[in-house]
Amino acid sequence: MFNRWLRTNKISAGILLVLRVWLGWKWMTAGWGKLTDGFDVSGYLKGTLAKATGEKPVVQEWWGSFIEGFALPNAGFFNLAIPWGEFLVGLGLILGTLTTAAAFFGLMMNFAFFFSGTISNNPEMIICGFIILAAGANAGYFGGDRWVLPFIKEKLFNRKGQHRETPTA
């Protein structure tokens, strides 16, 4: 019953607008700060590795292995992906365009930070992200999704709701 209200009601869409803009602002400003002030993830990744050792490690061994074997050697990629990802997630949430995709990728980043031993404001961001994700398209009703999603559906599907076939030569 609550999920139906969350996904279909205009009052819930208004509440989701406020939640979405708040969460989007947090993401966008975090990303903008990293884009304008410079960002190097290698110190953070080394700190994460340090939290994966010792008598009572905060970071799980499997995540430490991922950091050591993949993330740290590819720090240059993450130096671009994290700031731009944060900024674009925030922009998508604020504009209400591709809202569920933005919420999904925001959640992925929140969990990556959480796995790395960073508590900060991740718990409330995760809760808000799941609410937005559960609301689906209604989260972007008062935003760009109101126009973008029908446009995408029209381009991908014909009027009968069947997938268009690709032309053959």
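The values are calculated or read from the model by the stated rules, or taken from the named source; none is laboratory data. Note that this is a predicted model, so its numbers are computed, not measured. No Cβ is skipped: glycine too gets one built from the backbone with ideal geometry, and neighbour counts run over all protein chains shown. The protein model used for the area step is the full one, side chains on, heavy atoms only, and it has no ligands, DNA or RNA in it. Shrake-Rupley method; radii C 1.70, N 1.55, O 1.52, S 1.80 Å.
Could you tell me what percent of the accessible area of the stretch 73-158 is made up of carbon and sulfur, with a 1.4 Å probe and every protein chain present?
Roughly 78 percent of what the probe reaches on the stretch 73-158 is carbon or sulfur.
Ordering LYS153, LYS56 by how much accessible area each has at a 1.4 Å probe, largest first, what is the list?
Correct descending sequence by accessible area is LYS56, LYS153.
In debye to the nearest 20, how big a dipole does the chain give about its Cα centre with +1 on each Lys and Arg Cβ and -1 on each Asp and Glu Cβ?
Details: 15 positive and 10 negative charges, 176 e Å.
Roughly 840 debye for the chain.
Could I have the simple spin-label model distance between ILE126 and TRP25, label points 7 Å from Cα toward Cβ, reported in nm to one decimal?
Taking the simple label geometry, ILE126 and TRP25 are separated by 2.4 nm.
Only one of the values [x] 19.1, 65; [y] 14.8, 43; [z] 15.3, 46 was calculated from this structure for Rg and Dmax of the Cα atoms in Å; name its label.
[x]
Given a 1.4 angstrom probe, what's the average accessible area per residue across the chain, in square angstrom?
63 Å²
Quick one: if you stick a label point 7 Å off each Cα along the C-beta vector at GLN60 and MET1, how many nm between them?
3.6 nm
Could you compute how much accessible surface PHE130 exposes when probed at 1.4 Å, giving the result in Å² to the nearest 10?
100 Å²
So what is the 222 nm mean residue ellipticity for the chain from helices alone, if each DSSP H run of at least 4 adds -39500 (n - 2.57) and you divide by all residues, rounding to the nearest 500 deg cm²/dmol?
Numbers: 8 runs with 115 residues, N = 169.
It lands at -22000 deg cm²/dmol.
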